[in-house]
Amino acid sequence: MCGIAGFFGPNAGATVKQMTDIMTYRGPDDAGLYEGEGFAFGQRRLSIIDLSSGHQPIFNEDKSIILVCNGEIYNSPELRDELKSRGHGFATSTDVEVILHLYEEMGEKLFSRLRGMFGFALWDSRKQRLLMGRDHMGQKPLFFANANGCFAFASEVKCILTSGIVERKPDLEALWHYMSLRYIPDDRSLFEGVIKLQAGHYAIFEKGSVKVEQYWKLDTFKNKRTGSEKELTDELDNILLDSVKTHLLSDVPVGTFLSGGIDSSLITAMTAKITGKPFHTFSIGVKEQDINELPWARMVSDQYGLIAREEIVEADIIHKIPEMIFHMDEPSDPFGVGVYLVSQVAAKDVKVVLSGDGGDENFAGYDRFAGQKLAGYYSIIPKCIRKHIFGKIFNMVPESFGYKSIASKLKWLNDMSFYTEGERYARSMSFLRFTDETKEALFTPEAMSKIADSDSVGKILHYFNSSTADELLDKMLYTDLMTRMPDHLLAISDRMSMAHSIEIRPPLIDYKVTEFAASLPCDMKLRGRDKGLKYLLRQVAARYMSRELIDRPKQGFGFPIARWLRTDLAVFLQKLFAESRFVELGIFNQAEIDRLVNEHISGKADHNFRLWILLNLEIWYRMCFEGASVSEMQVFIDQRLK
């Protein structure tokens, strides 16, 4: 695990040194720099495999190929033996060196042999071309920019900006979609000219131009497995054990995140079965939360005799925002707070942790999957009754400003019933945030004129309506796996853990597991709400832990943000938006922001998700475009809390 960077242009060595120095937290153990003719490669290393000789950049035997890689190649032991048998010599014992020798034999076809999480760049001096690749599911990040006769790549956007080859300007089209989808779609970033290499893709930079190709597609949804429930449970059990075993490849101790939910509990239990010895588990409770899941986490750690690290922490979420934005290079997300805090705890004991990420997306663990079917049933009621009777009744239900409130659920059900499958699912993504229609009230006409593609719903339908899957559930799962998984969940997990020099490895999102999960019949994944979510995964989990833990209602990790924005943070909101940078820039309308704030504070409507985005954008702009530091923004916040 590390951070990588490269630059093609004048003063390459000094430029790359600056790019890597700004992300030392991604690799505090070692720094590497190589300067060639007109280019330089650099790396910050978090030493996990081959602690003594795994320094990067790495070269092949005749030094005609140079590599920097962020991540781990889990099948490297088998690949190394195979390549050695064919005469390849290895200079290190590090796992990523196999990429060099696979490239010598296969060129860009090497991705078919890799199993792991990675973002790498490889320079072939003979062909004078750069090959960059990102892992199948998008666990490791990679960005690049090709501008003003120069080329730069890096693990983080801030490094590209530090190179100076692109002007710091917000990408309004990316911003438009982010405000609806909660992630930045396609190959965009929030900065004009900075390109995100998408998951499962590689890019070639040659003769001043870039070509991007997709090397992997999730195409097993239509190849449904047959067999009894017992046979499929056995298969899934074995596949998950294999995935956990491969993810334990390390020369340093490995721990697990243990939230008390099914996914992290199962990964922890399987790790205990495989290793047969105690290891650290990391669990947090948060003072500001109404729900405490620590007793459930302790149930698993006690069962397997593990070393439980439990802490009750104070989120102080408003002051964490600048820290998270610095590491994200984009607005923070409430989901990231939990990852940030538990990584901070884990960093006291280990460098590597296994997580339960991916269980909900692969095996249908969100209640919204069941909710889509419910909306379909509800839509059978005549439209006029839903619109003029039930709609008015539901709008009269008082808003509690709590997590998944009854008022919000009823309004969602009624509003979504006027759309059919694909559009319903797409619009449900933005229901709590900004729909295309509500953005038209927020954005000024001048700002909207600069947005070429304003169809955020279309970003979802592109995947939902593809021929990859036939059944409704599979279409939703495929869409999530291609969008929210790489561009939201995994992006946040990577940045928030690396902020504390922690490598997260999620065995449930290994692409082999994903291919298997896609091939499962839909009724093996979803059988109604609550206990019917993640059905087959629950059957596997029952082999490792009590039904009491497995069958309890899903709780999730949330904060009372809606309530805070009406009380403790109300004055802060009013002061912040009175000096809105986005209003000053002519991007947002002040009147629409004021309406959202006033309706929320007065209790007329719950706009907490929308206000969270707007609040974060104001802090993000001041940090990323005006140069405000984390500490300066924390002072800025304190001044407006009074």
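Data for the structure
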read-out	value
Wholly within the range 104-166, strands (runs of 3 or more DSSP E) carrying at least 1 residues that are small (Gly, Ala, Ser), free of Cβ contacts under 8 Å to residues at least 60 places away in the same chain and surrounded by fewer than 21 Cβ atoms within 10 Å (Cβ to Cβ)	143-147
Test: residue in the range 543-558 that is within 29 Å of Gly356 (Cα to Cα) and open to solvent by less than 10 Å² (accessible area, probe 1.4 Å)	yes
Of the criteria (1) modelled with pLDDT of 95 or more; (2) surrounded by fewer than 21 Cβ atoms within 10 Å (Cβ to Cβ); (3) not in a strand (DSSP E or B), which one Val16 fails	(2)
Whichever residue in the range 43-82 is polar (S, T, N, Q) and modelled with pLDDT of 90 or more and, among such residues, is farthest from the chain's Cα centre (by Cα)	Ser64
Selection status of Ile509, open to solvent by less than 40 Å² (accessible area, probe 1.4 Å) and either polar (S, T, N, Q) or in contact with a strand residue (DSSP E or B) (Cβ under 8 Å, 6 or more places away or on another chain) (or both)	no
Selection within the range 612-629 - free of Cβ contacts under 8 Å to residues at least 60 places away in the same chain and closer than 12 Å to Asp333 by Cβ	none
Helices (runs of 4 or more DSSP H) fully within the range 349-417 counting 2 or more residues that are touching a Gly at 6+ places or on another chain (Cβ under 9 Å) and among the hydrophobic types (A, V, I, L, M, F, W, C)	406-416
Residue within the range 301-321 that is over 21 Å from the mean Cα position of the chain (by Cα), of a type outside the set (Lys, Arg), under 21 Å from Asn608 (Cα atoms) and not in a helix (DSSP H, G or I) present	yes
Matching residues, the range 468-506, being open to solvent by 10 Å² or more (accessible area, probe 1.4 Å) and not in a helix (DSSP H, G or I)	Thr468, Asp470, Glu471, Ala499, His500, Ser501, Ile504
Residue list for the range 19-58, filter: open to solvent by 20 Å² or more (accessible area, probe 1.4 Å), farther than 24 Å from Lys351 by Cα and assigned to a strand (DSSP E or B)	Tyr34, Glu35
Every pair of residues 6+ apart whose Cβ atoms lie under 7 Å, when the first sits in the range 508-536 and is farther than 18 Å from Asn223 by Cα while the second is of a type in the set (Lys, Arg) and buried (at least 21 other Cβ atoms within 10 Å of the Cβ)	Lys534/Lys525; Tyr535/Lys525
Gly402 vs. criteria over 26 Å from Val540 (Cβ atoms), touching a residue at least 60 places away in the same chain (Cβ under 8 Å) and either surrounded by 17 or more Cβ atoms within 10 Å (Cβ to Cβ) or not aromatic (Phe, Trp, Tyr) (or both)	yes
Only one of Ala347, Ala375, Ala370 that is open to solvent by 20 Å² or more (accessible area, probe 1.4 Å) and small (Gly, Ala, Ser)	Ala347
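The values are calculated or read from the model by the stated rules, or taken from the named source; none is laboratory data. What you see is a predicted model, and the numbers here were worked out from it, not measured in a lab. We place every Cβ from the backbone using ideal geometry, glycine too, and count neighbours over all the protein chains shown. Just so you know, the surface numbers come from the protein's heavy atoms only, side chains and all, with ligands and any DNA or RNA stripped out. Shrake-Rupley method; radii C 1.70, N 1.55, O 1.52, S 1.80 Å.
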